[in-house]
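J.: Before we start, here is the structure in question, set down as structure tokens.
The values are calculated or read from the model by the stated rules, or taken from the named source; none is laboratory data. Fair warning: this is a prediction, and the values are worked out from it, not measured in the lab. Because the Cβ atoms are built from the backbone with ideal geometry, glycine has one as well, and the counts that use them run over all protein chains shown. Ligands, DNA and RNA are stripped out before the accessible areas are found, and what is left, the full protein with its side chains, is counted by its heavy atoms. Shrake-Rupley method; radii C 1.70, N 1.55, O 1.52, S 1.80 Å.
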Amino acid sequence: MSGESGLIGKNIYQLLTRFGYEPIILSRNEKLSERNDFIYWDPSKSYIKIDGQLNVRAIINLCGAGIAEKKWTDDRKKELLDSRLIPAHFIAELIKTEKIKTDVYLVLSHRDLW
């Protein structure tokens, strides 16, 4: 799961744990990656810290810059789009190269932003 620190991500994480799932969080915060339920990654550098192959039932991609944090200038719109598309494409590449194996990949479409 990426984007766990956002409003929706926090709630989904809580629901998943309440129903007995053990979510793994993809995080750009290296300090958090010391926890068993966090994996460090940096999609802008196409980097994920995993050895071998990660097998998960589903991937939920909710990462992206906060849409209500700043005024929507053209630069901000590009930032909002890139902050979603770069990680989405990186996850897709990880699945394609079988670095991550999953049955389901859920991602917010960039068309949903506007």
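J.: Hey, which lysines would be in cross-link range of Lys45, C-alpha to C-alpha under 24 Å, not counting anything within fewer than 8 residues on its own chain?
T.: Excluding near neighbours in sequence, the set is Lys31, Lys77, Lys78, Lys96, Lys99, Lys101.
J.: Same structure, new question: Excluding Val56 itself, calculate the net charge of residues whose Cβ lies under 13 Å from the Cβ of Val56, where each Lys or Arg counts +1 and each Asp or Glu counts -1.
T.: -1
J.: Considering only protein heavy atoms, what per residue accessible area in square angstrom results for the chain with a 1.4 angstrom probe?
T.: Accessible area per residue: 70 Å².
J.: Further question on the same structure: For the chain, what does -39500 (n - 2.57) per DSSP helix run (n ≥ 4), summed and divided by total residues, give at 222 nm, in deg cm²/dmol to the nearest 500?
T.: Mean residue ellipticity, 222 nm, calculated: -10500 deg cm²/dmol.
J.: Classify the stretch 1-96: rounded, prolate or oblate, from the alpha-carbon gyration tensor (a ≥ b ≥ c, eigenvalue square roots; a/c under 1.5 rounded; otherwise prolate if a/b is larger than b/c)?
T.: It comes out oblate by the Cα gyration axes.
J.: So, in nm, how far is label Lys31 from label Gln53 when the simple model puts each one 7 Å beyond its Cα toward the Cβ?
T.: Taking the simple label geometry, Lys31 and Gln53 are separated by 3.6 nm.
J.: Given the options Thr97, Gly64, Ile48, identify the residue whose Cα lies farthest towards the positive end of the charge dipole of the chain (+1 on Cβ of Lys, Arg; -1 on Cβ of Asp, Glu).
T.: Of the options given, the answer is Gly64.
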